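K.L.:
The structure's right below; bear with me while I get my questions together.
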Amino acid sequence: MSTTTGPESPDALLGPADIRELAAALGVRPTKQKGQNFVIDANTVRRIVRTAEVRPDDVVVEVGPGLGSLTLALLEAADRVTAVEIDDVLAAALPATIEARLPGKKDRFALVHSDAMHVQELPGPPPTALVANLPYNVAVPVLLHMLDRFPTIERTLVMVQAEVADRLAARPGNKVYGVPSVKANWYAEVKRAGSIGRNVFWPAPNVDSGLVSLVRRTEPVATTASKTEVFAVVDAAFAQRRKTLRAALAGWAGSPAAAEEALVAAGISPQARGEALTVEEFARIAEAKK
């Protein structure tokens, strides 16, 4: 297998030629329906690891490692890495790539061959960080599932379609603020952490990508309502975006009058709209439901 040398491209990381060679050997053709776009630029994966602030004692979980570009960079920086891969061919090939490129770290690598949405436990010590290049069609549900299932994840950095990045990091009042923004904020402080051009992927996608940083809240949202109860309000509020909360929450509360009562009790105007509310305000509405 060809490798690039020099200070900017250590042998362990995969370059464009390596990626194509590996894909050809495996008979892998990236497909749109799986949302597969492999990162072929070693400097980009290094930048992701730096931006994620991966530390030598971190236990990192990576979702969708693909051919292993980011996995190798994470293994160089972290104590250990667990990769979750749904694709049969890619999952079967990854351990051999790790052994060939970073033989000294192979015992620090674990593979979970599964759909990330179904993962309930991970091997080894609990994860402290999540770093992933997420396919845009499943990015939000996968991210929320992992944050919910693994409360030890303190820091997350995901690369997603730019539009999804904007939605996740949006603040109340922003026109793209919605369900992903509120739910992500239930778990973490969320912010945009950079942009990624199209030319670092193979195949090059027809959309730009963005990095999103999520740092888990040190204190959970202060509420007596459960996450399920709060998320039910959020889903109802955004199901009909242009409606006032009195109208949008009528089904959730049982009637427009009951919705108004809950809103007034929570100190929120029944004429307000969902896109104006913080996660804490949604929690207050959930608490006020009779």
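K.L.:
Identify the residue in region 98-116 that is of a type outside the set (Asp, Glu) and open to solvent by 70 Å² or more (accessible area, probe 1.4 Å) and, among all such residues, is farthest from LEU13 (Cα to Cα).
P.N.:
So the residue we want is HIS113.
K.L.:
Taking region 117-137, which residues are open to solvent by 80 Å² or more (accessible area, probe 1.4 Å), within 16 Å of ARG149 (Cβ to Cβ) and polar (S, T, N, Q)?
P.N.:
GLN120
K.L.:
Let me ask you something else. Find all pairs meeting these conditions: Cβ atoms under 6 angstrom apart; at least six residues apart or on different chains; first residue within region 61-84 and more than 10 Å from LYS105 (Cα to Cα); second residue among the aromatic types (Phe, Trp, Tyr).
P.N.:
That search, which allows pairs on different chains as well, returns GLY66/PHE38; LEU67/PHE38.
K.L.:
Considering each residue of region 189-228, count those that are β-branched (Val, Ile, Thr) and crowded, with 19+ Cβ neighbours inside 10 Å, and give that number.
P.N.:
Within region 189-228, residues that are β-branched (Val, Ile, Thr) and crowded, with 19+ Cβ neighbours inside 10 Å number 4.
K.L.:
For the structure I just gave you, tell me whether VAL140 is within 19 Å of GLY66 (Cα to Cα), open to solvent by 30 Å² or more (accessible area, probe 1.4 Å) and modelled with pLDDT of 95 or more.
P.N.:
Criteria met by VAL140.
K.L.:
For residues that are of a type in the set (A, V, I, L, M) and surrounded by fewer than 21 Cβ atoms within 10 Å (Cβ to Cβ), scanning just region 161-179, find the one that is nearest to SER69 (Cα to Cα).
P.N.:
ALA162
K.L.:
Something else now. Hey, among the residues in region 76-97 that are under 19 Å from the mean Cα position of the chain (by Cα) and open to solvent by less than 60 Å² (accessible area, probe 1.4 Å), which one's farthest from LEU143 (Cα to Cα)?
P.N.:
Filtering first and then ranking leaves ALA78.
K.L.:
Here's a follow-up. Give the number of residues within region 227-242 that are aromatic (Phe, Trp, Tyr) and under 13 Å from LEU144 (Cβ atoms).
P.N.:
Total satisfying the criteria: 1.
K.L.:
I'd like the residue in region 41-60 that is open to solvent by less than 20 Å² (accessible area, probe 1.4 Å) and in contact with a helix residue (DSSP H, G or I) (Cβ under 7 Å, 6 or more places away or on another chain) and, out of all such residues, is farthest from VAL119 (Cα to Cα).
P.N.:
THR44
K.L.:
Answer yes or no as to whether VAL182 is open to solvent by less than 30 Å² (accessible area, probe 1.4 Å) and either closer than 17 Å to VAL131 by Cβ or modelled with pLDDT of 95 or more (or both).
P.N.:
yes
K.L.:
As an exercise: evaluate LYS290 against (1) more than 18 Å from THR223 (Cβ to Cβ); (2) not in a helix (DSSP H, G or I) and give the number of the one condition it does not meet.
P.N.:
(1)
K.L.:
To continue, here is another question. Among the residues of region 229-281, write down those that are in a helix (DSSP H, G or I), among the charged types (D, E, K, R), open to solvent by 50 Å² or more (accessible area, probe 1.4 Å) and free of Cβ contacts under 8 Å to residues at least 60 places away in the same chain.
P.N.:
ASP235, ARG246, GLU260, GLU261, GLU280, listed by residue number.
The values are calculated or read from the model by the stated rules, or taken from the named source; none is laboratory data. Keep in mind the model is a prediction, meaning the values are calculated, not measured. Quick reminder, even Gly has a Cβ in these numbers, built from the backbone with ideal geometry, and neighbours come from all protein chains shown. Accessible surface is based on the protein model in full, side chains and every heavy atom, while ligands, DNA and RNA are left aside. Shrake-Rupley method; radii C 1.70, N 1.55, O 1.52, S 1.80 Å.
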